[in-house]
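Here's the structure we're looking at; comments come further down.
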Amino acid sequence: MNAEQADLPKLIQVAEGLIVRQAVDNMAWIDLGEYAVVVDALEQPELETEVLSAIAKTLPGRSVRYVLNTHTHYDHVALNGALVRRHGAQVVDNASGAIGAPGRWFQGSRRKVQMLPMPSCHTEEDCVVWAPQEGVLFVGDIFGWGLIPLSCELTDQTGALLVQTVNRLIAFDAAVVVPGHGPLCSTAELKRWVEYLHWLVAEVRRAYQAGLDDKAILRQVPPPKDMTGWWRFLAWKHADSVTKVVQAVRRGKF
Ligand SMILES: [Zn+2]
């Protein structure tokens with residue numbers, strides 16, 4: 001899929017009553033039976049009319065009872081207010097740490113979903129949403145098509161927690177993985193990313209120890225061939241990841 005196609009909004013019916021609006025920012029609405037939940041709420045408030053009519057059309061007669069925010073960055077919450085106003089929805093996030101480690105279930109007669117904290121990969125409040133019946137896992141910005149998602153410094157400790165968390169996501173064995181941004185993927189891409197990170201760290205360490213400067217390291221560690229089709233990976237994500245690892249190694253923290 002080329003970048004332009006991936007950036008155009010499209011409604012993907014992952015399962016009956018489980019719809020993802022896939023674009024640069026992703027959003028989903030899920031029918032639980034008596035009511036619906038929404039996962040994330042985009043960046044642009046001006047999409048209110050378009051999105052609310054798409055929900056009404058694809059889940060006729062359902063009102064949105066909860067908006068689940070994987071985290072509260074501005075590009076995930078823009079339509080929260082519209083859903084509160086027009087559906088009487090309640091916004092659920094883990095900004096205050098209110099969702100304990102066992103997570104919180106939302107259950108209806110048709111299906112149930114679980115919101116589960118997986119903190120400190122992208123933000124302190126990261127949550128994933130799991131729909132077990134269809135094996136659909138919403139991972140927010142923990143998986144970013146080749147990005148190292150940490151907003152804090154990469155160190156041995158934060159890197160280890162990140163890998164440990166992605167391994168927890170892999171253990172769900174999800175059939176469909178919905179990242180916060182860009183195309184949908186599967187558990188295979190999560191596994192590939194963990195391998196990529198290990199490879200990247202080893203290659204950057206070797207190049208650094210050989211005395212190469214940053215530009216030479218970037219040339220020495222080219223993007224893996226099988227990942228060249230990853231969304232925005234060649235454009236900037238690989239270079240960004242190399243730079244983050246180089247800086248961590250240079251700081252002596254990695
Ligand atoms: Zn974010």
Treating only the Cβ atoms of Lys and Arg (+1) and Asp and Glu (-1) as charged, compute the dipole magnitude of the chain about its Cα centre; round to the nearest 20 debye.
380 debye
Place a point 7 Å from the Cα of Lys10 in the direction of its beta carbon; the residues of the stretch 126-160 whose amide N falls under 14 Å from it are none
For helix 187-209, report the angle its Cα long axis makes with the longest principal axis of the Cα atoms of the chain; keep it between 0 and 90° and round to the nearest 10°.
20 degrees
Normalised contact order of the stretch 1-98, rounded percent, pairs of Cα under 8 Å and 6 or more residues apart
22 percent
Sorted by chain and number, the residues with a modelled amide H under 5 Å from that of Val128, at a separation of 5 or more or across chains, are Leu116, Met118
With the dipole of the chain defined by +1 on each Lys or Arg Cβ and -1 on each Asp or Glu Cβ, the option from Val38, Val245, Leu68 whose Cα lies farthest towards the positive pole is Val245
By a straight-distance test (C-alpha under 16 Å), which aspartates and glutamates pair with Lys215 as possible cross-link partners, with residues fewer than eight away in the same chain excluded?
Glu203, Asp240
Applying 1/(1 + (r/R0)^6) with R0 = 25 Å to the Cβ-Cβ distance of Trp236 and Ala175, what FRET efficiency is obtained, to the nearest 0.05?
0.30
Cα gyration tensor of the chain, axes a ≥ b ≥ c as square roots of the eigenvalues: rounded (a/c below 1.5), prolate (a/b > b/c) or oblate?
prolate
Kindly write out, for the stretch 76-87 in residue order, the coupling ³J(HN,Hα) from the Karplus curve 6.51 cos²θ - 1.76 cosθ + 1.60 (θ = phi - 60°), rounded to whole Hz, with x marking Gly and Pro.
10, 10, 4, 9, 3, x, 5, 6, 5, 5, 8, 10
Please list, or write none, the aspartates and glutamates whose alpha carbon is within less than 15 Å of the alpha carbon of Lys112, excluding same-chain residues fewer than 8 places away.
Glu16, Asp31, Glu34, Glu134
Pair Ser186, Ser151: separation of 7 Å Cα→Cβ label points (nm):
3.2 nm
Based on other C-beta atoms within 10 Å, arrange Trp230, Trp236, Trp130 from fewest to most.
Trp236, Trp130, Trp230
Pop out the ³J(HN,Hα) list for the stretch 88-100 in order, Karplus 6.51 cos²θ - 1.76 cosθ + 1.60 with θ = phi - 60°, rounded to Hz; leave Gly and Pro as x.
x, 5, 10, 8, 10, 8, 10, 4, 9, x, 5, 8, x
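Would you kindly state how much longer the chain becomes between Thr49 and Ala160 on full extension, computed as 0.36 nm times their sequence separation minus their alpha carbon distance, in nm to one decimal? Write down the numbers at each step before the final one.
On the way: separation 111, 0.36 × 111 = 39.96 nm, distance 4.23 nm.
Here the answer is 35.7 nm.
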Using a 10 Å cut-off around each Cβ, can you sort Phe233, Phe172 from fewest to most neighbouring Cβ atoms?
Phe172, Phe233
Taking only Cα atoms, what is the 0 to 90° angle, nearest 10, from helix 156-171's long axis to the longest principal axis of the chain?
50 degrees
Compute the angle between helix 48-58 and the longest alpha-carbon principal axis of the chain, please, reported from 0 to 90 degrees and rounded to the nearest 10.
70 degrees
Determine which lysines satisfy two conditions relative to Lys253: a Cα distance under 18 Å, and not lying fewer than 8 residues away in the same chain.
Lys244
If each part is reduced to its alpha-carbon centroid, the stretch 203-235 and the stretch 66-89 end up apart, in Å, by 38 Å
What order do you get for Lys10, Lys215 when you list them from fewest to most C-beta neighbours inside 10 Å?
Lys215, Lys10
Quick one: go through the stretch 166-194 and flag any residue whose amide nitrogen is under 16 Å from the point 7 Å out along the Cα-to-Cβ line of Arg86.
none
Of all DSSP beta bridges in the chain, antiparallel share, percent nearest 5:
70 percent
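For every other residue with a beta carbon closer than 13 angstrom to the beta carbon of Leu147, add +1 if it is Lys or Arg and -1 if Asp or Glu, then tell me the sum.
Details: positive: Arg232, Lys237, Lys244; negative: Asp141, Glu189, Asp240.
The answer is 0.
Values in this text are rule-based calculations from the coordinates and carry no lab data. From a predicted model like this one, the values you see are computed outputs, not experimental measurements. Cβ: placed from backbone, ideal geometry, glycine included. Neighbour counts: every protein chain shown.
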